[in-house]
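Report on the structure given below.
Where a number appears in this text, it was derived from the coordinates with a stated rule and is not lab data. These numbers come from a predicted model, not from an experiment. Heads up, the Cβs are rebuilt from the backbone with ideal geometry, glycines too, and the neighbour counts pull from every protein chain shown.
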Amino acid sequence: MTPRFADALNFATIWEGIAEAVGEAPAIAYGPETRDWQTFENRAARLAAALSDSGIGSNDKVAFYLYNGFEYQEAQFAAFKARAVPCNVNYRYIAEELAYLLNNADAKAVFFDRSLADRVAEVKDRCEHLRLLVQVGGGELIDGAVAYDDLIDGFEPAPPVERSGDDLWFLYTGGTTGSPKAVMWPHDQMIANMGGHYRILKREVPRGAADAVDAALEMHRRRRTTRLLASAPLMHGTSGINSLHVLTMGGMVATLVGRSFDPEEVWRLVARHRLTMLVIVGDAFARPLLESLDAAEAAGEPHDLSSVYQLFSSGVMWSAESKQAFLEHKSMTLIDSLGASESIGQGLQTIRGDGSEKMSTGKFVLGPTTAVIGDDGSFVEPGSGVIGRLANRGANPIGYYKDEVRTAETFPLIDGVRWSIPGDYATVEADGTVTLLGRGSVCINSGGEKVFPEEVEEALKSHEAVLDCNAVGLADPRWGQTVNAVVSIADGAEVSDDDLIAHCRTRIAAYKAPKRIFRVTEFVRSPNGKSDYRWARATAESMAEL
């Protein structure tokens, strides 16, 4: 493919144009502090010069083993400037997992937090491509590392270079099984998924950087710029993708300082920065936020939500009950997005204003380029009850890095058209909406019947005593697997296991209801709010042996 240099749909090229035009407008915030677009651009340009000085440029991989902070955003911008490829790294990874990812990515640079330095020190000599180690947050440097602030101070800003819409952004996805895989997103394909942002201006998705900058400036002129709170870690796709989109529209992206989700910090930052849009990860974030709102109102000191006009969720289940509860606090637009690291915007459930529209859990309107495809390769007919996999033929990644087999499986050609089929199962209702069933890799096979964990979890969470839960399959000599649930119960709630199982049977077929309930006092989720099915299965297995 011929690179489109002069007017490339490239994040760095667009952001440079925005910074030149609205330099004093806020671009990024970390806790209560903000940095404007001019500062954001200048610091990123200095880091880009440092990358180039280390011989890191087009298509070289730069890993981010970081918590949220200014440094994550600035270093990612710098990588874009140098035409390098940013790679997210889960900061919970231990040394072996870190070494795998750095080697899988062929990473030439890694930015890492000082608190994670020991792990980097342990693996750096096993990563043959590494040539630049950048330590963030001060402290004594590990051998071979340079301090982040020294790079900022030690280099003059790199001048802009010609770039391509084919430049890449890597999104490593661990899924529920197997080793992490890097989803390769070209900049122009990621931007092509921003249709909803441009519809606000009654414009088409831009075809070039100049048009994208002009759209961002129109947002500023109309005072419609988004001020986003990325509640989840930036290394997670929900926050990472939405942050890229909001910055490309000339908005501001704020992140939390706390390293665990704190609803009180969320509401403090909403009021301080007059944030307009919150990105959350389903009920894992929604429930604590609602508890905080309720407690503040009961104390006669309600949180200030006057600036918030949109709540956006993706990644895990967001229940109808918590959606309704938010609207009882504030009239706003709720967007429940159905997507995956390999496919954005497969479907939406949008609730506007006063909540007069019907709310549901796990039901979505398909996107214009999305379908459900059965195991036989045919498109599922609405109302047929046939289970198929969600598939998207729209703007998509080009595949998995260094994995041709999985690329061919997930991004097949069907009648000459490339589709993305990550593996989420769904049925199509008679009205054309889809009901999400879950990822096939965690599907439970009980007596030949497929049971999707999300169905069981939704039924359990509808009981007022259940705070959180995961459904997992355990080996059984008769049924192959049985359905089991690892459950966290609210303090003071008195409910028996039999009551919970009976409650499930009022919501789902009896064969889908859990056979056993395993209660835990501390429920584990990934820092991005997603289910940790490996932990849940291991917990259930260990408790079943007692």
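Estimated from helices alone, the mean residue ellipticity of the chain at 222 nm is -9500 deg cm²/dmol (sum of -39500 (n - 2.57) over DSSP H runs with n ≥ 4, per residue).
The stretch between ASN445 and ALA271, if pulled fully straight at 0.36 nm per residue, gains 57.9 nm over its current Cα-Cα span.
Packing around the peptides 237-245, 24-32, taken as the average count of other Cβ atoms within 10 Å per residue, puts them in this order, highest first: 237-245, 24-32.
A simple rule links phi to the HN-Hα coupling: the Karplus curve 6.51 cos²θ - 1.76 cosθ + 1.60 with θ = phi - 60°, which for segment 142-154 gives 6, 4, x, 8, 10, 7, 3, 5, 5, 5, 4, 7, x Hz, with x for Gly and Pro. In a reduced charge model with +1 at each Lys and Arg Cβ and -1 at each Asp and Glu Cβ, segment 352-494 shows a dipole moment near 480 debye about its Cα centre. Around the Cα centre of the chain, unit charges on the Cβ atoms of Lys, Arg, Asp and Glu (plus for the first two, minus for the last two) sum to a dipole of about 940 debye.
The lysines whose alpha-carbon is closer than 28 Å to the alpha-carbon of LYS81, local same-chain residues fewer than 8 away aside, are LYS61, LYS108, LYS124, LYS181, LYS402.
Note on segment 11-260: with charges restricted to the Cβ of Lys and Arg (+1) and Asp and Glu (-1), its dipole about the Cα centre is near 1020 debye. Helix 533-544 and the long axis of the chain differ in direction by around 40°, with both axes built from C-alpha atoms. Gain on full extension, evaluated as 0.36 nm per residue between GLU291 and GLU429 minus their Cα-Cα distance, stands at 46.3 nm.
Looking at the chain alone, DSSP beta bridges between its own residues are antiparallel in about 55 percent of cases.
In the chain, the longest principal axis of the Cα atoms and the axis of helix 95-105 are about 60 degrees apart. Label positions at ALA465 and PHE379, each projected 7 Å from the Cα along the C-beta direction, are separated by 4.7 nm. Candidates PRO382, ALA430, TRP419 compared by Cα position along the dipole of segment 368-439: farthest toward the positive end lies TRP419, with charges placed on Cβ. For helix 320-329, report the angle its Cα long axis makes with the longest principal axis of the Cα atoms of the chain; keep it between 0 and 90° and round to the nearest 10°. Rounded to the nearest ten degrees, it is 60.
Shape call for segment 124-173 from the C-alpha gyration tensor, a ≥ b ≥ c root eigenvalues: rounded (a/c under 1.5), prolate (a/b greater than b/c) or oblate? Note, shape of segment 124-173 comes out oblate.
Compute the relative contact order of segment 11-260 as a whole-number percentage, counting only Cα pairs closer than 8 Å that sit 6 or more residues apart in sequence. For segment 11-260, the relative contact order is 23 percent.
You can think of it this way: the chain between SER488 and LEU217 has 92.8 nm of extra reach, that is 0.36 nm per residue less the Cα-Cα gap. What residues from segment 69-96 fall in the zone where the backbone N is under 20 Å from a label point 7 Å along the Cα-to-C-beta line of SER179? Within reach of a label on SER179, which here means backbone N under 20 Å from a point 7 Å along Cα→Cβ, segment 69-96 contributes 86-96. Comparing TYR93, VAL146, VAL134 along the charge dipole axis of segment 78-218, the residue lying farthest to the positive side is TYR93, per the Cβ-charge model.
Assuming a ≥ b ≥ c are the square roots of the Cα gyration tensor eigenvalues, decide whether segment 11-260 counts as rounded (a/c under 1.5), prolate (otherwise, with a/b larger than b/c) or oblate. Here segment 11-260 falls in the prolate category.
With the dipole of segment 443-546 worked out from charges on the C-beta (+1 for Lys and Arg, -1 for Asp and Glu) around the Cα centre, which of SER462, VAL451, TYR533 lies farthest toward the positive end? Farthest along the dipole direction, towards plus: VAL451.
Rounded if a/c is under 1.5, else prolate if a/b is larger than b/c, else oblate: which is segment 453-546, with a ≥ b ≥ c the root eigenvalues of its Cα gyration tensor? Rounded is the answer for segment 453-546, as its axis ratio a/c remains below 1.5.
Annotation: peptides 214-220, 283-289, ranked by per-residue average of other Cβ atoms within 10 Å with the highest first, follow the order 283-289, 214-220. Label 7 Å along Cα→Cβ of GLU301; segment 10-51 residues with amide nitrogen under 19 Å? Residues passing the 19 Å test: 32. Partner aspartates and glutamates whose Cα lies under 14 Å from the Cα of LYS202, excluding those fewer than 8 positions away in the same chain, are identified as ASP211, ASP214, GLU218. DSSP finds beta bridges in segment 11-260, and of those with both partners inside it, around 30 percent are antiparallel. The number of Lys pairs in segment 443-546 with C-alpha atoms less than 19 Å apart, excluding pairs fewer than 8 positions apart on the same chain, is 5.
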